[in-house]
Amino acid sequence: MKIVDKILNIEEVNAHCDIPCGIYDPIVAQIAAITTVRMLDQMKETLESDSDEMAKKNKFARLVAVKEEHAEKAKHEIRVIWGDFIKPPHIEKYPDIHSLAHEIMMIGSKVKQGANREDAEQFVEKINEFAKIFWEIKGEETVEKEAPYAPNLKLVYRKV
C-alpha cells in the first residue's frame, strides 16, 4: 500500500476517533456524576422507608445498579475527552491534567464500589475541575451554578 500511496500521492490523514466529529462536552460526565449522588440519597431513603421488604430490596438493587452505571459513564466520558481531545499544548498549559484525570478515575471507582456520599460529591467536584479546564482550553468562560434538580449540587457550565 505504501508504494501505491507514493505513486498516487495519497496524503495521510489522522483523526482522534473513528468518526472525527469534534464534539466534546463534559456535561455528560457531570450529569452522570451528580446522578451517583442522587442514587445514594435515594438508597438511603429506601432503607429508611416503611415499604414492603421485598419492594425495598428490589428498589435498592436497582438504585445501586444505576449508581454504578453512571459512575462508569462519567469515567468513560472523561477518558474520551482526556484521551482524544487533550493534546501536548494543553498538557503544557495544564500540567496537572493527567493527575486530575487519574484522580477522577480512582474516585469514580470508589463511588462504584461503595456507598459514601462524600466520595460521590468529590467525584462531582473533580469532574467540575476538569470541565473548567476543558472550557478554558476551548477559550470559553465558565460559570458555576446550582443544578436545577436534586441533589442541587453546583456544576460548572460554559457561560453563554
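The values are calculated or read from the model by the stated rules, or taken from the named source; none is laboratory data. Remember, it's a predicted structure, so these values are computed and weren't measured experimentally. Here the Cβ is made from the backbone with ideal geometry for all residues, glycine too, and neighbour counts use every protein chain on show. Each accessible area value is taken on the protein alone, full model and side chains, heavy atoms only, with ligands, DNA and RNA left out. Shrake-Rupley method; radii C 1.70, N 1.55, O 1.52, S 1.80 Å.
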Checked region 31-76 for anything free of Cβ contacts under 8 Å to residues at least 24 places away in the same chain and either polar (S, T, N, Q) or outside any helix (DSSP H, G or I) (or both); matches are Gln42, Thr46, Ser49, Asp50, Ser51, Asp52, Asn58
With Lys44, Lys126, Lys93 as the choices, which residue is out of contact with any Phe, Trp or Tyr (no Cβ under 8 Å at 6 or more places or on another chain) and surrounded by 15 or more Cβ atoms within 10 Å (Cβ to Cβ)? Lys126
For region 91-114, indicate whether the set of residues that are under 23 Å from Cys21 (Cβ atoms), free of Cβ contacts under 8 Å to residues at least 24 places away in the same chain and part of a helix (DSSP H, G or I) is non-empty. yes
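For region 22-37, give me each residue that is open to solvent by 10 Å² or more (accessible area, probe 1.4 Å) and under 16 Å from Phe130 (Cβ atoms).
Hits for region 22-37 are Tyr24, Asp25, Ile27, Val28, Ile31.
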Only unsatisfied item for Tyr149, checking (1) assigned to a strand (DSSP E or B); (2) open to solvent by 70 Å² or more (accessible area, probe 1.4 Å), is (1)
In region 115-140, what count of residues is obtained for those that are among the basic types (Lys, Arg) and in contact (Cβ under 8 Å) with a residue 40 or more places away in the chain? 1
Looking at Ala147 and the list (1) among the small types (Gly, Ala, Ser); (2) over 21 Å from Asp25 (Cβ atoms); (3) touching a strand residue (DSSP E or B) at 6+ places or on another chain (Cβ under 7 Å), which single condition is not satisfied? (2)
Matching residues, region 47-65, being of a type in the set (Asp, Glu) and open to solvent by less than 20 Å² (accessible area, probe 1.4 Å): none
